[in-house]
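Colleague: Let me give you the structure first, and then I'll get to my questions.
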Amino acid sequence: MSTITLAQYLNQGVTAGHFDQALARLLQGMADESQDISENIHRGALAGVLGSAGSENVQGETQKKLDIIANDAILAAMEKTGVVAASASEELDDCSVYAGAEERPYLILFDPLDGSSNIDVNVSIGTIFSVLNNPRTGPVTNQTFLQPGTSQVAAGYVVYGPQTTLVLTTGHGVDGFTLDRAAGEYVQTSVNIQIPADTKEFAINMSNVRHWYAPVKRYIDECLAGKTGPRGKDFNMRWIASMVADVHRVLCRGGTFMYPQDQREPGKPGKLRLMYEANPISFIVEQAGGKSYAGAQRILDIQPTDLHQRCSVLLGSANEITIVHGYHLDNSKD
Ligand code: AHG
Ligand code: MN
Ligand code: MN
């Protein structure tokens, strides 16, 4: 096991020609800021950061204090890197454009705090981010961010759990780092993470079963039928309700994670957001050998039309996702 720090890892990536010095600065800036967020979360009530902020975000969700603290901290950290032209976030109606944006090479989108319902009950939460090129063809607006997931140059997440873990991809596999609190830096603890292709574990909010469309219902029914059903094996279920933590489990030991579109609001394709939740996580999952679909369509191929658009999500172990994806393809033929 290599014991290099994140800083050394980023230097190696630049030397190997995987990415440039500017991207290394951006990633180090995000990692450094996540240490402060981790410290606030770690102290919880002692730092006075729990509870509601009493405001709503653009999606009409109540904001927690930590949603806002993390959002403001990352916004400032990204500006300070000098290489980020603009930031877009779950907690901002429109992107925030920095001075000198025309010359700055990257755009970033983030979910500053994922799993907000878990903040106050001491359950794992996280930060998710997606990096795009700034085309530098004119002023940066919301429109500049509307690039498909295949255009991402880097993506990552931090899980604030029993350990604080950073997982990164720049399109050359997926690597993992653990925060060494005493040293104040991330140390590489996983190399080229691969999601096992087979699994007997799924993650889905079962309380929505009555709202699901036929393909997801069929897949889960067959899992629930266990050994004597069509799948011939028993399945286990997990649901943390922080996408980042559920997905991290999938990366560590395999599994599937689904938040499908359902019949409640036909105009709203699912709960999760494409640009700062589904896209970065899908980039990581595919780089780790898994699959990620929004039903019949590959998530990374979706051409976005709105910064905050929703997206159905079915991802994880390749052989299982191939089955549920197949049910969606059958359905779209009907
Ligand atoms: P956020 O806290 O950023 O709004 O995201 C919460 C998301 C996701 O992380 C999680 O998987 C899902 O919402 C949980 O949904 P349920 O409350 O329906 O279980
Ligand atoms: Mn989220
Ligand atoms: Mn969030």
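Read the figures in this text as sums done on the coordinates, not as results from a lab. Note that this is a predicted model, so its numbers are computed, not measured. When we count neighbours, we look across all protein chains shown, and the Cβ atoms used for this are built from the backbone with ideal geometry, even at glycine.
Colleague: Which pairs break 27 Å Cα to Cα here: Lys65/Lys217; Lys64/Lys217; Lys65/Lys271?
Modeller: Listed pairs above 27 Å: Lys65/Lys217; Lys64/Lys217.
Colleague: Right, here's the next one. In nanometres, what is the gap between the two model label sites at Gln303 and Lys200, each 7 Å from Cα along Cα-to-Cβ?
Modeller: Distance between label points: 4.5 nm.
Colleague: Could you work out how far the C-alpha centroid of the range 62-103 sits from that of the range 233-266, in angstrom?
Modeller: Using only Cα atoms to place each centre, the spacing works out to 28 Å.
Colleague: Report the GluC sites (Glu not before Pro) located in the range 48-109 that are in a DSSP loop and have at most 16 other Cβ atoms inside 10 Å of their Cβ, or state none.
Modeller: Glu61
Colleague: Now for a separate question. How high is the relative contact order of the range 20-86, in percent, counting Cα pairs under 8 Å that sit 6 or more residues apart?
Modeller: Worked out over the range 20-86, it gives 37 percent.
Colleague: Report the residue, chosen from Ser116, Ser96, Ser312, that carries the largest GNM mean-square fluctuation when the chain is represented by alpha-carbon nodes joined by springs under 10 Å.
Modeller: Ser96
Colleague: Right, here's the next one. Which log10 I(q)/I(0) values does the chain give at q = 0.09, 0.13, 0.15 Å⁻¹ under the Debye formula, counting every alpha carbon as one identical point scatterer?
Modeller: Each listed q corresponds, in turn, to -0.45, -0.97, -1.29.
Colleague: For the chain, return all DSSP H helices satisfying: extent of Cα atoms along own axis at least 20 Å; mean Kyte-Doolittle hydropathy at least 0.0.
Modeller: Span-like helices here: 65-81.
Colleague: Please give the peptides 48-55, 143-150, 156-163 ranked by average Cβ packing (other Cβ atoms within 10 Å per residue), highest first, as a rough proxy for protection.
Modeller: 156-163, 143-150, 48-55
Colleague: On to the next question. Need one number: nm distance between label points at Ala214 and Ala296, each 7 Å from Cα along Cα→Cβ, rounded to one decimal.
Modeller: With each label point 7 Å from Cα toward Cβ, the separation is 1.3 nm.
Colleague: If amide hydrogens are placed 1.01 Å from N in the peptide plane, which non-local residues have theirs closer than 5 Å to the one on Ala86?
Modeller: Tyr98, Ile108
Colleague: Skipping prolines and chain starts, which residues have an amide H placed within reach, meaning under 5 Å, of the one on Asp180, given they are 5 or more residues away or on another chain?
Modeller: Glu185, Tyr186, Val187
Colleague: On a full-extension model of 0.36 nm per residue, what is the gain between Gln12 and Val191, subtracting their alpha-carbon distance, rounded to one decimal in nm?
Modeller: Between Gln12 and Val191, full extension yields 63.1 nm more.
Colleague: Continuing with the same structure: Give me the percent relative contact order of the chain, please, defined on Cα pairs under 8 angstrom at least 6 residues apart.
Modeller: In percent, rounded to a whole number, it is 16.
Colleague: Taking the Cα centre of the range 184-283 as origin and charging only Cβ (+1 Lys, Arg; -1 Asp, Glu), how large is the dipole, in debye to the nearest 20?
Modeller: Value, rounded to 20: 300 debye.
Colleague: Would you please state which residues of the range 252-295 a label at Lys233 would reach in this model, taking the label point 7 Å out along Cα→Cβ and a backbone N cut-off of under 15 Å?
Modeller: Of the residues in the range 252-295, 253-257 have backbone N under 15 Å from the label point off Lys233.
Colleague: For each of Val97, Val187, count neighbouring Cβ atoms within 10 Å of the residue's Cβ, then give the residues from fewest to most.
Modeller: Least to most surrounded, the residues fall as Val187, Val97.
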